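Working notes, structure below.
The values are calculated or read from the model by the stated rules, or taken from the named source; none is laboratory data. Bear in mind the structure is a predicted one, so any value in this text is a computation, not a measurement. Counting neighbours? That spans all protein chains shown, and the Cβs are built from the backbone with ideal geometry, glycine included. To get the accessible areas, we keep the full protein, side chains included, count just its heavy atoms, and leave off ligands, DNA and RNA. Shrake-Rupley method; radii C 1.70, N 1.55, O 1.52, S 1.80 Å.
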Amino acid sequence: MKRKSVATDIHSILQRYEQKKEHLILMLHDIQNHNEHHYISESAIHEVSRYLNITHSEIYGVISFYTMLSTKPRGKYIIRVCNSAPCHVMHSEDIIEEIKKTLGIDFGMTTKDGLFTLESTSCLGICDLAPAVMINDEIYGKLTRNEITKILAEKSK
Amino acid sequence: MKEKRVILDNIGKYTDPASIREYEKHNGYRSLKKALQMKSSEIINEVKISELRGRGGAGFPTGLKWSFSAPLKGEKYLICNADEGEPGTFKDRIIMEKDPHKLLEGIIIASCAIGAATSYIYIRGEYTQSINTLKDAISNAKKEGYIGNNILGSKFSHEIHIKCGAGSYICGDETALINSSEGKRGNPRIKPPFPGISGLWNRPSVVNNVETLSNIPAIILNGGEWYKSIGTKESTGTKIFTVSGMVKKPGYYELPLGVTLRELIFDLAGGMKPNKEFKAVLIGGAAAGAFLGKDALDVRLSYEDLARHNGVLGSGAVLVLDQSMNIYDVLRNIMEFFVHESCGLCIPCRLGNMRLLEIITKITKGQGSPEDCKTLLRIAKMMKETCFCPLGQSPILPISTALSLEE
């Protein structure tokens, strides 16, 4: 039963797009954004494969190429910490250490309550506000240890 | 020292950047009206006169690039490269979020010049606000007849679509960007053929950076000679510099090419933060850039002056480092970046970056030897000569300039 409902959800997303492979990345973003665990499931790949008439392996190849796409379930909030040079020299490692300590997870892991996933990201293009973090679509800059702890506490409520 | 704003002249003047009316109040779409009265060759000629060079990093003359594709028959595309991934760079984001119509006007004029009925803006997936603002701006421009069939009653019709990345530095390379736009993995393609001859779906495709295209409205409106009067002899016009690191006022500054590094850092960006002493900059990109020390502060920021000092203008990113920072520590961060972002397609890049990272990590732990520095240079040089695309060809610049600074 559950599988069927996934298929229906995915199908309503896919129908917003023409059946052309050029839309694959946008489709995958869309599917991931509409999934509460921010990931692209095996059954979703199956639906996309049927819709675009391309193989599972081709879709998987695309997903695995791009860092923002995931085949693994993730938390409600995806924390992307910038680790490029401009944030690095403004001590992003303090922010990373604070997040790891507060949430008890390392990069690539999700908290037990399913609330947070910690990822690192290449430059977010907000270097004037370094060190910076992106949580889902929101940007947080000029962070200090105190501020990131406050933000995480706010999101945990 | 004051800014010279050609591209960013409307920044801060709008309440809603996606609004057509507000853009129109500030000369908006006047340049397009003029361009629609011109022949394709006249538009291209004006851009050639301006001597505008690509602002994405490579600095290729824009008018010349257009002139390769303009005479080709059949379906052609203009692609706007908005995959701003070079660390330390955020100029394109500022344009897209704060004056999106300036970019759209540049895209429509460029498309008119090369004869493209369709254009694509490829934006990196992380730039959600840029994507949303541009979507609104495109829909508003359509309603007013600036995009669509027979634009402003002319024979020229044009559609603009947005493509979106999903986290990949390599997609900033034009051929990787084209593969990604087709819905594929963002591996680069072999050149030649160059995209201008065979690009998106093997059709002629002109790929221009956001900042490059945003210069076009002013060039057409005021003329190529006017644009050329700004800047230096070989580097005409203005450039947006994005300053980050240990300065009082990090941010974006649009300046005539040819100002000095000192003016940018100590005047506009307010100088060093309290109790911080200047050590070096990483210029041209906070990955694919060059380290320049104190003795380079009076170098003029232009293509030719920077090249003479082993520097690079690149994307216009300037990361300022102070005396407390270790250059090798920054270099290790850069190499971690290249290892992560290598697409893995060609072996010199895939393995070369990893070896470079290992050696630099060893040096940062105090276990390096003079022999290691030679090995770094040897590997990076080999990569420069053999890698498939600019990513693997990049590490030589930060490595060689870091080594000469630390000698």
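Here are a few things to note about the model shown:
- Principal-axis tilt of helix A:24-33 within chain A, Cα atoms, nearest 10 degrees: 60
- Charge dipole (Cα centre; +1 on Lys/Arg Cβ, -1 on Asp/Glu Cβ; no other charges) of the protein assembly as shown amounts to roughly 760 debye.
- Per-residue HN-Hα couplings for region B:11-23 [Karplus 6.51, -1.76, 1.60; θ = phi - 60°; Hz; x = Gly/Pro]: 5, x, 8, 9, 8, 10, x, 7, 6, 5, 4, 5, 5
- Separation of alpha-carbon centers, region B:132-180 and region B:229-257, rounded to whole Å: 27
- Sites listed here are trypsin sites (Lys or Arg not before Pro) in region A:19-106 whose DSSP assignment is loop and whose Cβ has at most 16 other Cβ atoms within 10 Å: A:Lys20, A:Lys76.
- For a label point 7 Å along the Cα-to-beta-carbon line of A:Thr102, residues of region A:138-152 with backbone N under 13 Å: A:140-141, A:143-152
- Size of electric dipole in region B:262-407: Cβ of Lys, Arg +1 and of Asp, Glu -1, about Cα centre, debye, nearest 20: 320
- Cα-based Lys proximity count in region A:7-103, under 30 Å, for pairs eight or more positions apart or on separate chains: 7
- Computed with a 1.4 Å probe over protein heavy atoms only, the accessible area of A:His37 comes to about 80 Å².
- Rounded D (µm²/s) - region B:1-116, Kirkwood Rh over Cα pairs, Stokes-Einstein at 37 °C, 0.692 mPa s: 211
- Interchain or long-range residues, amide H under 5 Å from B:Ser205's placed H: B:Tyr77, B:Gly196, B:Ile197, B:Ser198, B:Gly199, B:Leu200
- Separation of the A:Thr8 and B:Glu159 label points, Cα + 7 Å toward Cβ, nm: 3.2
- Spin-label pair B:Glu406-B:Glu304: with each label point 7 Å from Cα along the Cα-Cβ axis, the two points sit 3.4 nm from one another.
- For chain A, built as a Gaussian network whose Cα springs stay under 10 Å, the top-fluctuating residue of A:Val89, A:Val48, A:Val81: A:Val89
- Amide H partners (placed H, <5 Å) of A:Ser120, local residues excluded: A:Val81, A:Gly108
- Approximate spin-label separation B:Gln323-B:Glu182, in nm, with each point projected 7 Å along Cα-to-Cβ: 5.5
- Region B:306-407 - convex hull of the alpha-carbon atoms, volume per residue in Å³: 109
- For chain A, the longest principal axis of the Cα atoms and the long axis of helix A:2-14 meet at an angle of about 90 degrees.
- Within straight-line reach of B:Lys362, meaning a Cα separation under 21 Å, sit the following lysines at least 8 residues removed in sequence or on another chain: B:Lys374, B:Lys381.
- Where only alpha carbons of chain B are counted, the Rg and the Dmax (Å): 21.2, 70
- Kirkwood analysis of the Cα pair distances in chain A returns a hydrodynamic radius of 16.9 Å.
- Hits among aspartates and glutamates - C-alpha to C-alpha of B:Lys191 under 18 Å, sequence gap 8 or more where chains match: B:Asp173, B:Glu174, B:Glu182, B:Glu385
- For chain A, cysteines whose Cβ has no other cysteine Cβ within reach (under 4.7 Å): A:Cys123, A:Cys127
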